[in-house]
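Novice: Supplied in structure tokens, the structure appears directly below.
The values are calculated or read from the model by the stated rules, or taken from the named source; none is laboratory data. Keep in mind that what you see is a predicted model, and the values were worked out from it rather than measured. Don't worry about glycine lacking a Cβ; one is built from the backbone with ideal geometry, like all the others, and counts go over all protein chains shown. Protein only, heavy atoms only, side chains kept; ligands, DNA and RNA dropped before computing areas. Shrake-Rupley method; radii C 1.70, N 1.55, O 1.52, S 1.80 Å.
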Amino acid sequence: IERFIDAVTGNIKYIPALYICNKVDKLSYKQFENLVKKPNYVLISCHRDWNMKGVREAIYNALKPIRVYTKRPKTAPDLNNAIVLCKGRHTVADLCRSIHSSLADPNKFYYANVWGTSVKFRPQRVGLAHILQDEDVVQVMLRRHPVTARS
């Protein structure tokens, strides 16, 4: 009920969390069993080196990262330097903001050419709202003369 009230009033925002519990080798079997059943809990023991790979996998799965490569006009894409975008931030606008905040400005942004699995044609011209997928190549095109508000 409290979460419903908070959601309606908008005064608290709940964000996902991953709970990593260390020293589980010191717990009783019943305590261990209770923690295993809880969602978003990862149980480890650094001392005994238990479930260290599980922590890495849980963090990776929680972030859901994708790699996006950039391309300058008339050059090949740089496949050695990927930009990593995380969960919920997979749009062209998010990519532009990760490079520089002014690139996502609709008055400056013209379009983006995308090569990869997120488009039907290669290249395909897309806007800021286009959702990217892992290993897409993006070429951002800006307006030569940014649109300004007229008085």
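Novice: Within region 97-105, is even one residue of a type in the set (D, E, K, R) and out of contact with any helix residue (DSSP H, G or I) (no Cβ under 9 Å at 6 or more places or on another chain)?
Specialist: Quick first cut of region 97-105, residues of a type in the set (D, E, K, R) only: 97, 105.
Then drop every residue that is not out of contact with any helix residue (DSSP H, G or I) (no Cβ under 9 Å at 6 or more places or on another chain), which leaves none.
Looking for residues that are of a type in the set (D, E, K, R) and out of contact with any helix residue (DSSP H, G or I) (no Cβ under 9 Å at 6 or more places or on another chain), one finds none in region 97-105, hence no.
Novice: What's the total number of residues in region 1-39 that are open to solvent by 90 Å² or more (accessible area, probe 1.4 Å) and within 24 Å of the chain's Cα centre (by Cα)?
Specialist: 6
Novice: Of all residues being surrounded by fewer than 15 Cβ atoms within 10 Å (Cβ to Cβ) and among the β-branched types (Val, Ile, Thr) in region 58-82, which is nearest to the chain's Cα centre (by Cα)? Just the residue, please.
Specialist: Ile59
Novice: Specify which of the listed residues (Ala129, Ala112) is closer than 14 Å to Cys96 by Cβ, surrounded by fewer than 17 Cβ atoms within 10 Å (Cβ to Cβ) and touching a residue at least 24 places away in the same chain (Cβ under 8 Å). Show your work before the answer.
Specialist: Values: Ala112 fails: surrounded by fewer than 17 Cβ atoms within 10 Å (Cβ to Cβ).
Step by step, each of Ala129, Ala112 is checked, and only Ala129 is closer than 14 Å to Cys96 by Cβ, surrounded by fewer than 17 Cβ atoms within 10 Å (Cβ to Cβ) and touching a residue at least 24 places away in the same chain (Cβ under 8 Å).
Novice: Any chance region 51-68 includes a residue that's under 22 Å from Gly127 (Cβ atoms) and of a type outside the set (D, E, K, R)? So that I can check it myself, show each step before the final result.
Specialist: Our first condition is that a residue be under 22 Å from Gly127 (Cβ atoms); within region 51-68, this holds for 66-68.
If we keep only those that are of a type outside the set (D, E, K, R) as well, we get 66, 68.
There is at least one residue in region 51-68 that is under 22 Å from Gly127 (Cβ atoms) and of a type outside the set (D, E, K, R).
Novice: Next question. Might you check whether a residue that is open to solvent by less than 50 Å² (accessible area, probe 1.4 Å) and not in a strand (DSSP E or B) occurs anywhere in region 136-146?
Specialist: No, the conditions are met nowhere in region 136-146.
Novice: Suppose we filter region 27-55 for residues that are over 29 Å from Cys86 (Cα atoms) and in contact (Cβ under 8 Å) with a residue 12 or more places away in the chain; how many remain? Step through it out loud before you land on a result.
Specialist: Pass one, region 27-55, residues over 29 Å from Cys86 (Cα atoms): 27-34, 47-48.
Remaining after also requiring in contact (Cβ under 8 Å) with a residue 12 or more places away in the chain: 47-48.
Selection size over region 27-55: 2.
Novice: While we're here: Filter region 96-109 for residues that are open to solvent by 50 Å² or more (accessible area, probe 1.4 Å) and of a type in the set (Ser, Thr, Tyr) and give the result.
Specialist: Within region 96-109, Ser98, Ser101 qualify.
Novice: Right, something else. How many residues does region 40-57 hold that are open to solvent by 80 Å² or more (accessible area, probe 1.4 Å) and among the aromatic types (Phe, Trp, Tyr)? Steps first, please.
Specialist: Pass one, region 40-57, residues open to solvent by 80 Å² or more (accessible area, probe 1.4 Å): 40, 47-50, 53, 56-57.
Then drop every residue that is not among the aromatic types (Phe, Trp, Tyr), which leaves 50.
Of the residues in region 40-57, 1 are open to solvent by 80 Å² or more (accessible area, probe 1.4 Å) and among the aromatic types (Phe, Trp, Tyr).
Novice: Restricted to region 43-81, and to residues that are of a type in the set (Val, Ile, Thr), out of contact with any helix residue (DSSP H, G or I) (no Cβ under 6 Å at 6 or more places or on another chain) and outside any helix (DSSP H, G or I), which residue is farthest from Tyr111 (Cα to Cα)?
Specialist: If we filter region 43-81 for residues that are of a type in the set (Val, Ile, Thr), which is where we start, we get 44, 55, 59, 66, 68, 70, 75.
Applying the additional criterion that residues be out of contact with any helix residue (DSSP H, G or I) (no Cβ under 6 Å at 6 or more places or on another chain) yields 55, 59, 66, 70, 75.
This time we only want the ones that are outside any helix (DSSP H, G or I), so: 66, 70, 75.
Numbers: Ile66: 21, Thr70: 14, Thr75: 18 Å.
Only one residue fits best here, namely Ile66.
Let's see how each residue does on (1) under 28 Å from Met141 (Cβ atoms); (2) touching a Lys or Arg at 6+ places or on another chain (Cβ under 7 Å):
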position	(1), (2)
Ala17	no, no
Val24	no, no
Lys30	no, no
Asp49	no, no
Tyr60	no, no
Asp78	yes, no
Ala82	yes, yes
Leu95	yes, no
His100	yes, no
